[in-house]
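The values are calculated or read from the model by the stated rules, or taken from the named source; none is laboratory data. Bear in mind the structure is a predicted one, so any value in this text is a computation, not a measurement. As a convention, Cβ positions derive from the backbone with ideal geometry for all residues, glycine included, and neighbour counts pool all protein chains shown. Areas reflect the complete protein model, heavy atoms only, side chains present, ligands, DNA and RNA absent. Shrake-Rupley method; radii C 1.70, N 1.55, O 1.52, S 1.80 Å.
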Amino acid sequence: MDLDIYKKSWKNQSVEKSGLSDVDIRKMSHSKSSSIVKWIFIIGVLELVFWTSLNFLVPQKYMELYKDLKIVDVLKATTYLHYLIIIIFLVLFYRNYNSISITDNTKRLMNRILSVRKTVKYYVYYNLGTIIISNILLMSILLKQPDNLVSAINPDGTNIEAGTVITTFVIATALMVLIMFAFIGLIYKFTYGRLLKKLNSNYKDLDSLEHLN
Amino acid sequence: MQKDLEAKFLLDFEQNQNIVHKICRMYTTNQDAHNDLFQEVVIQLWKNYRKFRGDSKFSTWMYRVALNTAISLYRKSTRTIKTQDIDDFTYKIKSKEYDDTEELQLKTLYKAVHQLNDIDKALIFLYLEDKPYKEISETLGITQVNARVKMNRAKDKLKNIINP
């Protein structure tokens with residue numbers, strides 16, 4: 001069977017205007033897009049804002065603890081570096097988003113959309129990484145100076161054993177990281193998972209064979 | 001200026017809107033989704049019309065925007081109220097004498113096309129529109145060799161669906 005036999009009826013398909021006037025088309029062209037690019041942008045911005053604002057949520061009490069531990073200078077230096085990295089991520093996010101053009105070829109377009117998503121993903125990984133690494137570093141410093149830690153966490157000198165205080169601190173930190181991972185996993189499943197399922201499989205389809213030549 | 005541009009856009013669109021309808025018919029199976037996708041394509045066309053320099057034909061540019069919207073940007077509408085299935089429509093044929101052979105053919109064709117994946121749909125669409133491989137490979141962003149291989153596979157799939 002040759003598919004060419006369908007070409008004639010394909011060409012003869014009537015122009016379906018579905019009663020749309022110029023006014024309708026004009027109105028339509030000015031309505032709001034509901035494309036996945038728009039959603040990826042909105043969710044991406046929310047994520048960037050969320051993770052960036054977390055950095056400002058260090059309570060004053062912690063600063064005192066850092067002072068006691070004499071790590072304020074190190075902390076300042078790493079904070080500046082951290083801000084620089086955040087800015088680089090924001091610039092990358094903006095540039096990738098800006099480079100999305102619907103008039104590109106299909107493969108490049110999909111690639112660009114996926115890059116925006118990737119920038120945000122790496123930003124989140126970076127933040128998680130810093131949280132974990134800084135906690136490990138902090139803990140190792142603290143464990144070397146258990147007296148300071150105990151007095152910082154337990155300033156009133158309530159009668160609790162130093163070992164208990166440290167264990168509680170370690171468990172609390174680990175729990176916090178775990179909860180964050182679970183939270184992010186859930187968010188991803190319900191946002192990007194649903195948004196990008198189709199795009200990812202289309203990209204795979206189009207990209208298959210490309211590397212064989 | 002804006003008004004002139006808009007008038008020109010509407011004229012260009014009017015002359016070529018059949019392309020968008022055909023693509024929407026291929027990528028959706030009910031009227032709500034069809035309208036949704038159609039609207040998204042119109043939004044994207046207008047948003048990018050300023051950048052359309054006329055160095056390619058408007059229709060070629062339109063194929064690209066419409067296919068890209070269907071493949072990459074469009075999200076299935078969440079409001080999928082059970083509406084009339086497009087397969088139940090009778091496809092109207094421009095013909096002086098009434099003959100339902102072509103209508104039936106179109107119905108069979110669309111029904112089969114709906115079972116293909118998004119990329120195969122695009123390939124079959126470009127084939128039915130008689131586009132050369134050079135244009136197909138440029139539109140999709142793959143090599144001409146691969147466009148040919150993929151096209152043959154898509155056609156085979158379609159044939160198997162029509163004549164199992």
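Using only the C-alpha atoms, the convex hull of the protein assembly as shown corresponds to 210 Å³ per residue. A Cβ-based charge dipole, computed about the Cα centre of chain B with Lys and Arg at +1 and Asp and Glu at -1, lands at about 580 debye. Rounded to the nearest 500, the helix-only mean residue ellipticity at 222 nm of chain A stands at -25500 deg cm²/dmol, with each DSSP H run of n ≥ 4 adding -39,500 (n - 2.57). Its Kirkwood hydrodynamic radius, worked out from the mean inverse distance over all distinct Cα pairs, puts chain B at 17.1 Å. Compared with the dominant Cα axis of chain A, that is its longest principal axis, helix A:72-98 is turned about 0°.
Here the Karplus curve 6.51 cos²θ - 1.76 cosθ + 1.60, taken at θ = phi - 60°, turns the phi angles of segment B:156-163 into couplings of 4, 4, 4, 4, 5, 6, 5, 10 Hz, with x standing for Gly and Pro. FRET efficiency for the residue A:22 to residue B:130 pair, using the beta carbon distance and R₀ = 30 Å, is estimated at 0.55. Its Cα gyration tensor gives segment B:99-164 an equivalent ellipsoid, and the semi-axes of that ellipsoid, as √(5λ) in whole Å with the largest first, are 23, 13, 9. Surface exposure of the protein assembly as shown, expressed per residue as accessible area with a 1.4 Å probe, stands at 56 Å².
Here each label is just a point 7 Å from Cα along the line to Cβ, and for residue B:161 and residue A:122 those points are 3.8 nm apart. Residues whose amide H falls under 5 Å from that of residue B:30, counting only those 5 or more places apart or on a different chain, are B:86, with hydrogens built in the peptide plane. Between the helical axis of A:36-54 and the longest alpha-carbon principal axis of chain A there is an angle of about 10 degrees.
Angle of helix A:192-207 to the longest C-alpha principal axis of chain A, folded into 0 to 90 degrees and rounded to 10: 60°.
Working note: 222 nm ellipticity from helices only, DSSP H runs with n ≥ 4, each -39,500 (n - 2.57), summed and divided by the residues of chain B, gives -21500 deg cm²/dmol to the nearest 500. Number of Lys-Lys pairs in segment B:99-164 with C-alpha atoms under 21 Å apart and a separation of 8 or more places or on different chains: 22. Sequence neighbours fewer than 8 away in the same chain don't count; with that in mind, list the lysines whose C-alpha is under 29 Å from residue A:144. Partners within reach: A:61, A:67, A:70, A:76.
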